[in-house]
1. Using a cut-off of 12 Å between alpha-carbon atoms, which aspartates and glutamates can reach LYS48, once sequence neighbours fewer than 8 places away in the same chain are excluded?
2. Over region 2-144, give the accessible area per residue in Å² for a 1.4 Å probe, as an integer.
3. For Cα pairs less than 8 Å apart in space and 6+ apart in sequence, what is the mean separation divided by the residue count of region 11-60, i.e. the relative contact order in percent?
4. Which residue fluctuates most in the GNM of the chain (Cα springs below 10 Å): ARG30, ARG116, ARG17?
5. Rounded to the nearest 10 Å², what accessible area does HIS94 show when all protein chains are kept and the probe is 1.4 Å?
6. Restricting attention to the alpha-carbon atoms of the chain, what are Rg (one decimal) and Dmax (integer), both in Å?
7. Leaving ligands, DNA and RNA out of it, report the carbon-plus-sulfur percent of the accessible area of the chain at a 1.4 Å probe.
8. Going by accessible area, probe 1.4 Å, with all protein chains left in place, what is the ranking of ILE54, ILE49, largest first?
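The values are calculated or read from the model by the stated rules, or taken from the named source; none is laboratory data. Worth saying up front: this structure is predicted, and the values here are computed from it rather than measured. Ligands, DNA and RNA are excluded from the accessible area calculation, which covers all protein heavy atoms including side chains. Shrake-Rupley method; radii C 1.70, N 1.55, O 1.52, S 1.80 Å.
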Amino acid sequence: MEDLRNLYQEVIFDHNRQPRNFGKLEGSNREAKGYNPLCGDEVSVYLKIDNGVIVDAAFEGSGCAISMASASLMTEALKGIPVAAAQQLSENFHDMVAGSGNPQELGKLEVLSGVREFPVRVKCATLPWHTLNAALKSSKEPVTTE
Ligand code: ZN
């Protein structure tokens, strides 16, 4: 239970209960859908990109607390940063949950570093980021963690 307590930290609960930037985004010009069949998580990511900068970000979907909190924290982190910085952030996030990299460089996203202890949960945490990458590439194909 101690591990679960560490994993489901208060901030994860909070973002799951009250997800930020939840809903379709008015005026979005990129979007993608992602699925994590292992857990049943699904996420749609919407971006509004202007001059190479993500001016707004939102998501919709349903799934476990980890996937929803990760999507919520991700959309917060994306607002106002250049596309290249978002791609770097995505790489850093994947490194963090894979157990390499420095969680402290990820700001608020560090709360999700605990998933590295739970391999099944890593896919829940990375689903929104896989979906983000697809949206940035304007991929029309739904992505899956499998
Ligand atoms: Zn999940």
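1. Partners found: GLU26, GLU31, ASP56.
2. About 49 Å² of surface per residue is accessible.
3. 37
4. Ranking ARG30, ARG116, ARG17 by mean-square fluctuation puts ARG17 first.
5. Accessible area, nearest 10 Å²: 50 Å².
6. Cα-based Rg and Dmax for the chain come out at 13.9, 47 Å.
7. Reported share for carbon and sulfur atoms: 48 percent.
8. From most exposed to least exposed: ILE49, ILE54.
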